[in-house]
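Working notes, structure below.
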Amino acid sequence: MNLDLVLLAVADGVSYAGLLFMVSLGLTLICGVMGIVNVAHGALYAFGGYAACTLSLQVMQNTPSTFLLLLVLPIAALMVGLVLGTAIEAGLLRRIQGRDPVQQLLMTFAGFMVLEDVQRLIWGTQPYSAPDIIGRLGTVNFFNVTYTSYQLVLIPLMALISYAGLMFFLRFTSTGRQVVAVTHHREMATALGINAKRVGWLTFVLGATLGALGGAMAAPTTSMVPGAGADMIVLSFAVVATAGMGQITGALLASLMIGLTRSAAVYLAPEWEVAVPYLIMALVLLVRPDGLFTVAQARRI
Amino acid sequence: MTALLSTRNLCLRFGGVIAADNIDFDLQHGERLAVIGQNGAGKTTFINICTGFLKPDQGTVMFNGQDVTDRQPRHLVRMGLGRSFQLPQLFVDHTVKQCLEIAAAARTGHMSWFVALSDAVDVSEVNDTLRLVGLHERAHSPVLALPEGERKLLDVAMALMLKPQLMIMDEPTSGVGSDSKIQLMDTVMQALAERQVTSWFVEHDIDIVKRYATRVAAWIGGRIAADGEPDDVLQQPQVRLEILGTR
Amino acid sequence: MLNMIGLVGAMLCLLLGWQFPWSKTPLIMGLCYGLASLGVSVMMRAGQVSFGHALYAAIGAYTVAFVTRAYPAIDGIVLLSAALLVSGLAGAVIGLFMVRYRGIFFGMLNLALSMVVFAMLGKMYNWSGGTDGLRMERPTLLGFTLERADFESSLLIVVVMCVVGMVWLVQRYFKSAAGEALAGIKTNETRLEYLGLSARLILWQAYVLSALLVGLSGALFAMVQGLVTPDIGAWLHSGEYVFIAVLGGSGHAIGAFLGAAVFETVKLFAAAYMTGIWQMLLGLTLIFVIILAPDGIVGLMRRKSVHRHQEDA
């Protein structure tokens, strides 16, 4: 077990954790604010990835600029987040606002099924990728190990920016504070004059964009195929469940934990790689059924 | 004679709030205890701890001499506890009668897989309880359709079906119209007296307290500030000031 | 009324199978879907939706495949019993963990487990045949060695009998004290606890039952197909069971089969005219059902009969 392998594993883990975090961030935000676990979040990831591939192809054909190529990623994410996010929130979730949580869950699940096929209709079943982006950013060396700067630097950087940006938004901007108010008590927030409907929409679109951003950032590192969405929703749920619903900082830590452990598994026991995130989730939930960082709930009886 | 329910050194904090401050408490068989106190004083929290719904930071709870601090509510119910809630806890997808039938079936501890619910219970017992609380007309009404006062009645009725030794009622008359309050409490307290059930009820209405209680305990800031005969307790200056709002 | 529909439906299946031999296999598959959805319905009665119950179909199917490949002389009925046993055991063990969770946790944990097993079945070629799956010979049924046509007919009869039996048993369970308490989990677990009942125990029992039902459906499916692949445990199928359960309604055990009937009919038309958007169709229909008829077909029928009673009164 030499140092180089360990470093590679760590680099893999951190990079993967970054992607996982961005996707889970969106999921946990929506969950915290609207109390719904959006199963369709996996589709947002997939659409973000596919859109990034398509858009980057277009840009590459028209300009040699690397900067513009990189810009494709957040732009694709924003487009997907706005369009799909609005469609899901206004089209589906608003109609069952306040209903039985089972029905809300089923609704997002149904939405996911629809989006999976829409994705297949648009992009087909052949794999899509955008490898050029990685190539253009070159590599970075540390301790004898070479790794792509995209994966080792840009992804974690984007993840940290998303984290810091979101925390700043929620704590220090007035809109952000409105979001927090609606999270804690929708009715009360409305009574105070906050437009809960608009806040709900905004939060959902924000969460959706983050999910799509995860997909867009992932696109250059892997090939987008049907089923990517399903894998990602279960994985990001594992992160959110481990951290505790609505726990943003917790999601960062849980992503790191899961990313690094999974990476270790790839090198040490590859057949178990698929199972590792869920094993971690299961172990955490056994000890702390509401996740690692959940805050105490208000008294019900 | 062993107390029916006792606590020793019971403490619980929620962050900065002391919900239970080193409470020593004994409830004897046959008592009719009224608990009074302002909102947030810890009356319901104490009930939650004693019935196993919350775990204390330290201290013990004993039921009939047995240490039940670590037990779940269902264990205490099996030992003879019945409880109704501040917010009625009902099965909202069922009918009034079904709620009582489920309670009756639960009492036997054996939930059959084959016998239909209504066949598994003593019909006359269910009907008697329905009549007792005045819900006989509403037997087949879905719980969702019940007004607040009747929801309270159903909540109490479900606890009664368990034939408990100790009946804890958290604000049984709140939400019930003032014309029906006395009637409800008369009926319930009489039924409990007939069956020799010890009762413990939280009440804000002092008239109700004076009418039914053999003992009053006053809660202030997570501790029992006064405990004893109703007349004594209700005369105490601190009680009058902080709870009754008079001098 | 619903019981009548059930009996008529059973007769109809047998009749169709007898008159139109090509319909036997689709009928068996449709009834299997119904059985699996009934399993999911049982959990939905407690308000818990599992997105991963196809796992038990895989367990039932692979049990049949393993046993019959190892011991080809074993009778089909014994195979089914073995599948029931293994599914039940798996459900009992997995259920011990699963019933601690509610809502999305429950749904997703089941999904996660099914996806892990699905991935492993696909990877472990030497043991499970990988994505190619395992082939199996037609077993004897009650001692009789049968040709393809007779085998299918006999299997159809076996399936119909299983279904009728299961619907009867499950409906009895729904109406029993345990079944009503199960429904109480959905609305007020605290109350159940304060009535002296263990919600976890009640839910666990239901979970084992649901595993048995889905396992049986998988085993029957394996026997009619003669081939078992990891696909049987794919999350799409879990989603289909959920869809059928919601469409039919979990108010009555027959609901799952009403839902399955509609499901299979739509599938037939979709296969003919609209391949490639099967999931989208399911999703859209589910959306409409949730918005307009959240209690499914059974719920609609009950609402209509209540109105009729109110008009008569």
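Structure summary
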| quantity | calculated |
| --- | --- |
| Cross-chain or 6+ apart pairs with Cβ under 9 Å, the range A:262-290 first and more than 9 Å from chain C (Cβ to nearest Cβ), then outside any helix (DSSP H, G or I) and among the acidic types (D, E) | A:R262/A:E273; A:S263/A:E273; A:A265/A:E273; A:V266/A:E273 |
| Close pairs from the range B:125-136: first farther than 13 Å from B:K163 by Cβ and buried (at least 17 other Cβ atoms within 10 Å of the Cβ), partner modelled with pLDDT under 90 and not hydroxyl-bearing (S, T, Y), Cβ under 7 Å, at least 6 apart | B:V133/B:L153; B:L135/B:E150; B:L135/B:L153 |
| Residue in the range A:231-244 that is crowded, with 18+ Cβ neighbours inside 10 Å and more than 22 Å from C:G107 (Cβ to Cβ) present | no |
| Listing of strands (runs of 3 or more DSSP E) fully contained in the range B:1-94 that carry 3 or more residues being in contact with a helix residue (DSSP H, G or I) (Cβ under 7 Å, 6 or more places away or on another chain), within 14 Å of chain C (Cβ to nearest Cβ) and within 21 Å of B:M185 (Cβ to Cβ) | B:81-84 |
| The range C:64-101 - residue that is of a type outside the set (A, V, I, L, M), free of Cβ contacts under 8 Å to residues at least 60 places away in the same chain and within 14 Å of chain A (Cβ to nearest Cβ) and, of those, surrounded by the most Cβ atoms within 10 Å (Cβ to Cβ) | C:Y101 |
| Given (1) of a type in the set (G, A, S); (2) surrounded by 15 or more Cβ atoms within 10 Å (Cβ to Cβ); (3) more than 21 Å from B:G82 (Cα to Cα), index of the condition B:A145 fails | (2) |
| Yes/no for B:V143 being among the β-branched types (V, I, T) and in contact with a Phe, Trp or Tyr (Cβ under 7 Å, 6 or more places away or on another chain) | yes |
| Within the range C:252-283, considering residues that are within 14 Å of chain A (Cβ to nearest Cβ) and outside any helix (DSSP H, G or I), the one surrounded by the fewest Cβ atoms within 10 Å (Cβ to Cβ) | C:T275 |
| Test: residue in the range C:171-178 that is under 27 Å from A:A241 (Cα atoms), within 14 Å of chain B (Cβ to nearest Cβ) and at pLDDT 90 or above | no |
| Spans of helices (runs of 4 or more DSSP H) in the range A:198-296 with at least 1 residues over 18 Å from the mean Cα position of the chain (by Cα) and of a type outside the set (G, A, S) | A:248-268, A:276-287 |
| Residues located in the range C:179-189, provided they are facing chain B (nearest Cβ under 7 Å) and under 20 Å from the mean Cα position of the chain (by Cα) | C:A183 |
| Failed condition for B:M111, given (1) touching a residue at least 12 places away in the same chain (Cβ under 8 Å); (2) surrounded by 22 or more Cβ atoms within 10 Å (Cβ to Cβ) | (1) |
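Each row is one residue, and each column tells you yes or no for (1) within 12 Å of chain A (Cβ to nearest Cβ); (2) modelled with pLDDT of 80 or more; (3) within 27 Å of C:G133 (Cβ to Cβ).
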site: C:S238; (1), (2), (3): yes, yes, yes
site: C:G249; (1), (2), (3): no, yes, no
site: C:D295; (1), (2), (3): yes, yes, no
site: C:M301; (1), (2), (3): no, yes, no
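Condition check ((1) within 14 Å of chain C (Cβ to nearest Cβ); (2) of a type in the set (D, E, K, R); (3) in contact with a Leu (Cβ under 9 Å, 6 or more places away or on another chain)) across all residues:
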position	(1), (2), (3)
B:M111	yes, no, yes
B:S118	yes, no, no
B:D122	yes, yes, no
B:L130	no, no, yes
B:A139	no, no, yes
B:V143	yes, no, yes
B:G149	no, no, yes
B:L154	yes, no, yes
B:M158	yes, no, yes
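The values are calculated or read from the model by the stated rules, or taken from the named source; none is laboratory data. Note that the coordinates shown come from a computational prediction; the quantities given were computed from them, not determined experimentally. Positions of Cβ are generated from backbone atoms using ideal geometry, with glycine treated the same way; all protein chains shown enter the neighbour counts.
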